[in-house]
Protein chains: 2
Amino acid sequence: MKVKAVLSQKPVSGVESISAQETMGELVTRLKERRVGALVVTSGDNALAGVISERDVVRALATEGEVCLRSPVSRYMTSEVSTTTPEDDTVNVLERMTAGRFRHMPVMDKGQLVGVISIGDVVKVRIEALQRENAAMEEFIRS
Amino acid sequence: MKVKAVLSQKPVSGVESISAQETMGELVTRLKERRVGALVVTSGDNALAGVISERDVVRALATEGEVCLRSPVSRYMTSEVSTTTPEDDTVNVLERMTAGRFRHMPVMDKGQLVGVISIGDVVKVRIEALQRENAAMEEFIRS
């Protein structure tokens, strides 16, 4: 299954993002409201600047203490971000997430950010596909 | 594959836990040091009291602000925790995690906490098992 098929199934359309100069305090409010574990970070011109996650919040607090809540997200985000495209296969996305140990990947189409795909999304699709293939082969063997 | 087989493959043995009266500030340090997303919470007599995750940290900060870092983890933990046993099947664990939307499950053996299993652990096992079954059936069909 392609990335675009997964994105089209997600209940919320549009991209969950925060701008690089917003604070970590604003981030925690946004993460709670949206019920997500990470947000894409955009720079002034709406370009992809990075990804920031609840894990980054915990690390910033452990390292700098509560003062981090008044600092911009750009200070703690991951700026070297692996991206994918709507036409990419989710098997490939899952392999890259597992190898790189990250849980979210921005989806880019012709330089524009069009969505975010999570490891939960791709794992679900992968298990369902393998189960379907399995059931089809079992049926074939039986008949 | 059974839960005990997954636990035996994990690099760190022993259970990552924090006691209920420790603070959220202590929790963030522990999460960072251990490189985990959640810890089991134990009460005075080393009994299971709950689970606390990086998501709980974000929610506490968003709701109460930085003062939460000086409050005990017992205030923010999930205390109604689903548990599993070493003899349970990981397919069953994955279904319960997906249905309940949680990522970590304490493993209990005769009332004693013996480990924690994460959704990452069980997903890996499940995908590998389905791929093996698939390959075996493909081989069977070809021959």
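More than 10 Å from every other protein chain (Cβ to nearest Cβ) and buried (at least 16 other Cβ atoms within 10 Å of the Cβ), is that true of B:S118? Spell out how you get there, then give the answer.
Values: more than 10 Å from every other protein chain (Cβ to nearest Cβ): yes; buried (at least 16 other Cβ atoms within 10 Å of the Cβ): yes.
Criteria met by B:S118.
Considering each of B:A129, B:A47 in turn, give the residue that is more than 20 Å from the chain's Cα centre (by Cα) and surrounded by fewer than 16 Cβ atoms within 10 Å (Cβ to Cβ). Every option except B:A129 fails the conditions. The set of residues from the range B:39-70 being more than 13 Å from chain A (Cβ to nearest Cβ) and not hydrophobic (A, V, I, L, M, F, W, C) comprises B:T42, B:S43, B:G44, B:D45, B:N46, B:G50.
Kindly establish whether B:V36 is part of a loop (DSSP other than H, G, I, E, B) and within 11 Å of another protein chain (Cβ to nearest Cβ). Considered against the rule, which asks whether it is part of a loop (DSSP other than H, G, I, E, B) and within 11 Å of another protein chain (Cβ to nearest Cβ), B:V36 comes out as yes. Screening B:R101 with (1) surrounded by fewer than 16 Cβ atoms within 10 Å (Cβ to Cβ); (2) over 29 Å from B:E26 (Cβ atoms); (3) within 12 Å of another protein chain (Cβ to nearest Cβ) gives one miss only, at (2). Could you tell me which residue of the range B:1-33 is nearest to B:E133 (Cα to Cα), considering only residues that are among the hydroxyl-bearing types (S, T, Y) and within 14 Å of chain A (Cβ to nearest Cβ)? Going through the qualifying residues, I end up with B:T29.
Every number here is computed from the coordinates shown, using simple stated rules; none is lab data. Everything quoted here is computed from the prediction, not taken from an experiment. Note that each Cβ is placed from the backbone with ideal geometry, even for glycine, and that neighbours are counted across all protein chains shown.
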